[in-house]
Amino acid sequence: MQPKRSPPLVAIAPDCGGSGQPVGKDPLSEVLRTVKLTGALFFLVDATSPWGVEVPHAGVFGPIILPRAQHVISYHIVLQGAGYASLPGVSPARFAAGDIIVFPHGDPYAMVSRPGSPPEFDTVASLEFLREMAAGRLPFVVKEGGGGPERAQFVCGFLGCDARPFNPLLETLPRLLHVKRPVGEQNDLLDRLIDLTLVEAQITRAGGECIRLRLSELIFVEVARRYLATLGVNQTSWLSGLRDPAVGHALSLLHERPAYAWTLKELARQTGVSRSVLADRFMHLVGYPPMRYLTRWRIQLAARLLSDGASKVAAVSQEVGYASEAAFSRTFKRIAGVPPAVWRDQGLTPDL
């Protein structure tokens, strides 16, 4: 593989604000843009005890709510009350008002008012509900439950995105992501986004659904940022890498110029650390050596370009940094599983 040469880069100075995020390309925004994060469905559940729902694997309901999506993420923001979230092989997690529950990997899951209580909606009923909701035959606010004294309200959001050939954010998230909001935190960005969505839902206007879905995407991005803020200093993941001054700087550079002929030496020089320090920290936090990460990200960019149009393989290979179309095709097939021309001809292939 011989990536094409670009003119020498001007060094990107570290952020002087103390956040550790380098000036330049924002890797989180770049990943979310490239993997085509797309709002699919968004509604509010107003439940009274006892209540409960079982949701099947995303491979079952994904084609109903977003047929052309590779992958579907479910998330829930608890506005009032409490309950339990569970999925196979994971202990039930109790959630309360202000908490955020995310099922990033498409697992079947359940949300109930009490552990062990039979769900009001089993998987069959849930599929029918999602079918009706996606068809626009149900209101934004959905009532459910047995009419008991305990009440719970939560916003349910479903998002589509690309999962392959490489989605570093998705890889870093646990099967059940539980983000607890600080006690007493009010009128922050997440609150304002939710309030805007609820206000928009109460008024029937042209374009309302589009606005709600775009707001749902913004809400998920804010949830991802909150999860990033909760990571401990010893936790390892792509998101942890964003917070590390050297690794975060390196990620920013790689996303800023993915077609540049990066070497570990040049990347270390730009980040201001030695090659061994950068290689060790990058591998420890991100899980890939820097150059392997770059290769996988180039292939993700190429997959998006191929899916978006009828671009020739040779043109795409050059755009993502390969001087040799043959080398690009070999690498693409190794990572994506099919040759680039097949990927392009198949279009956006669901991988639920």
Q. Where in the stretch 80-146 are there strands (runs of 3 or more DSSP E), lying fully within it, with 1 or more residues that are within 22 Å of Arg175 (Cα to Cα), in the same structural domain as Gln202 (by TED's automatic domain parsing) and in contact with a helix residue (DSSP H, G or I) (Cβ under 9 Å, 6 or more places away or on another chain)?
A. 100-103
Q: Hey, could you check the stretch 218-273 for residues that are touching a strand residue (DSSP E or B) at 6+ places or on another chain (Cβ under 8 Å) and hydroxyl-bearing (Ser, Thr, Tyr) and say which is surrounded by the fewest Cβ atoms within 10 Å (Cβ to Cβ)?
A: Thr230
Q. Where residues in the stretch 49-78 are among the small types (Gly, Ala, Ser) and in a loop (DSSP other than H, G, I, E, B), which of them is surrounded by the fewest Cβ atoms within 10 Å (Cβ to Cβ)?
A. Ser49
Q | Qualifying position, being surrounded by fewer than 22 Cβ atoms within 10 Å (Cβ to Cβ) and of a type in the set (Phe, Trp, Tyr), among Phe129, Phe166, Phe103 | A | Phe129
Q) Of these, Leu228, Leu193, Leu198, which one is assigned to a helix (DSSP H, G or I) and under 25 Å from Asn167 (Cα atoms)? A) Leu228
Q | Answer from Thr263, Thr271 - the residue that is out of contact with any Asp or Glu (no Cβ under 7 Å at 6 or more places or on another chain), among the β-branched types (Val, Ile, Thr) and closer than 29 Å to Thr230 by Cα | A | Thr271
Q) Does any residue of the stretch 151-171 turn out to be in contact with a Ser or Thr (Cβ under 7 Å, 6 or more places away or on another chain), touching a residue at least 60 places away in the same chain (Cβ under 8 Å) and among the charged types (D, E, K, R)? A) yes
Q: Report yes if some residue within the stretch 259-280 is of a type in the set (D, E, K, R) and under 24 Å from the mean Cα position of the chain (by Cα); otherwise report no.
A: no
Q. Looking at the stretch 292-309, is at least one residue surrounded by fewer than 15 Cβ atoms within 10 Å (Cβ to Cβ) and more than 21 Å from Val35 (Cβ to Cβ)?
A. no
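The values are calculated or read from the model by the stated rules, or taken from the named source; none is laboratory data. Since the structure is predicted, the reported quantities are computational estimates derived from the model, not experimental observations. Counting neighbours? That spans all protein chains shown, and the Cβs are built from the backbone with ideal geometry, glycine included.
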